[in-house]
Amino acid sequence: MFHATMRSAIEGARTLAQLDDLSRTIWQAHAAETVTDSEAQGLAEALHARRSAIREAAAPAGIPLGRVTLFPPKRLQRAPERSAAIERRRRLACSGPMPPVLASRFTTGQLAVLRIVGDEMARNGACGLCIDAIAARAGVCRRLAQAAIRLAEGDGLLTIQERRHQGRKSDPNVVRIISREWLQWLRRGGKKRHGVAFDAKAQTGGKGRAVMTPPSAGIGCKTVRPTDRGDPQRQVVDTELKRGCREAAGDLDRSGQTRILAGGGAGRAMR
């Protein structure tokens, strides 16, 4: 009677907790010699088979089938116009984002990504944009943007600070440039490109600052003097040395003074 009741209860169990309670009851009855060894062994095998069937049918709570994460899948990032993205990528790469010695290590798309990073470094002292924003501004895909930043990190040109959070979405990484040549390049070219003067102290501890200056400050090397546009033919140049009043009065009796026109012709001046 007990054996038949336990077998029917095992077949009707729907959760692992119910099977655990039945298993405890069976072995307590075996200790009290209510069931024989063979009957207890048969009930234990039935429990094991039912437990395996329940585990196979159970799905992870909160995670859809075929997924390994709770977060929604990322959408594929595509440019609205591929030709415009290619043009923007090439323009940024040709704008001189870094010294030629360093730029020779990277491709056109990678240089466009590093230009965006350099602009944020010169403006804010660090680049805190998400990888999707950097890729969209540079006209490349997010994978290429990640590869460019990791390659620059491997060459010792910049550092990447990860901001992970347990159980929730992480914040974008903070990228800081530590290359002296690159920082000097940004400090020199910052006034012409952005109207800001970059502080090279960012290489020590990552604490950089951008000081706003007028776009015209510090540009040019000479003061422009306008050209005299007067008519030189109407100007008369006196070739004789200036004398005192008495000598000048005595010269009135002499013949007409020789004067030279500015155009090169000589003539007599009227008294």
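The values are calculated or read from the model by the stated rules, or taken from the named source; none is laboratory data. As the structure is a computational prediction, the values presented were derived from the model and not from experiment. Positions of Cβ are backbone-derived with ideal geometry, glycine not excepted, and every protein chain shown enters the neighbour counts. Accessible surface is based on the protein model in full, side chains and every heavy atom, while ligands, DNA and RNA are left aside. Shrake-Rupley method; radii C 1.70, N 1.55, O 1.52, S 1.80 Å.
Residues in region 165-208 that are open to solvent by 30 Å² or more (accessible area, probe 1.4 Å), at pLDDT below 90 and part of a loop (DSSP other than H, G, I, E, B): H165, Q166, G167, R168, K169, S170, H194, T204, G205, K207. The numbered conditions (1) modelled with pLDDT under 80; (2) among the charged types (D, E, K, R); (3) open to solvent by less than 80 Å² (accessible area, probe 1.4 Å) are all true for R50 except (1).
Checking Q77, Q28 one by one, the residue that is modelled with pLDDT under 85 and assigned to a loop (DSSP other than H, G, I, E, B) is Q77 and no other. The set of residues in region 149-164 being acidic (D, E), under 19 Å from T107 (Cβ atoms) and either touching a strand residue (DSSP E or B) at 6+ places or on another chain (Cβ under 6 Å) or open to solvent by 70 Å² or more (accessible area, probe 1.4 Å) (or both) consists of E153 alone. Contact map, region 34-48: residues that are in contact (Cβ under 8 Å) with a residue 12 or more places away in the chain and in a loop (DSSP other than H, G, I, E, B) paired with residues that are surrounded by 12 or more Cβ atoms within 10 Å (Cβ to Cβ) and of a type in the set (V, I, T), Cβ distance under 9 Å, separation 6+ or inter-chain. Pairs shown: V35/I26.
Scanning region 130-164 for residues that are outside any helix (DSSP H, G or I) and touching a residue at least 60 places away in the same chain (Cβ under 8 Å) returns G139, C141. So for region 101-111 (the condition being at pLDDT 90 or above, of a type in the set (V, I, T) and surrounded by fewer than 13 Cβ atoms within 10 Å (Cβ to Cβ)), does at least one residue qualify? Yes, region 101-111 contains a residue that is at pLDDT 90 or above, of a type in the set (V, I, T) and surrounded by fewer than 13 Cβ atoms within 10 Å (Cβ to Cβ). For region 11-41, the set of residues classified as aliphatic (A, V, I, L, M) and surrounded by fewer than 17 Cβ atoms within 10 Å (Cβ to Cβ) consists of L16, A17, A31, A32, listed by residue number. Is at least one residue of region 138-148 at pLDDT 90 or above, open to solvent by 70 Å² or more (accessible area, probe 1.4 Å) and touching a helix residue (DSSP H, G or I) at 6+ places or on another chain (Cβ under 8 Å)? Within region 138-148 (the criterion being at pLDDT 90 or above, open to solvent by 70 Å² or more (accessible area, probe 1.4 Å) and touching a helix residue (DSSP H, G or I) at 6+ places or on another chain (Cβ under 8 Å)), the answer is no, since none of the residues qualifies.
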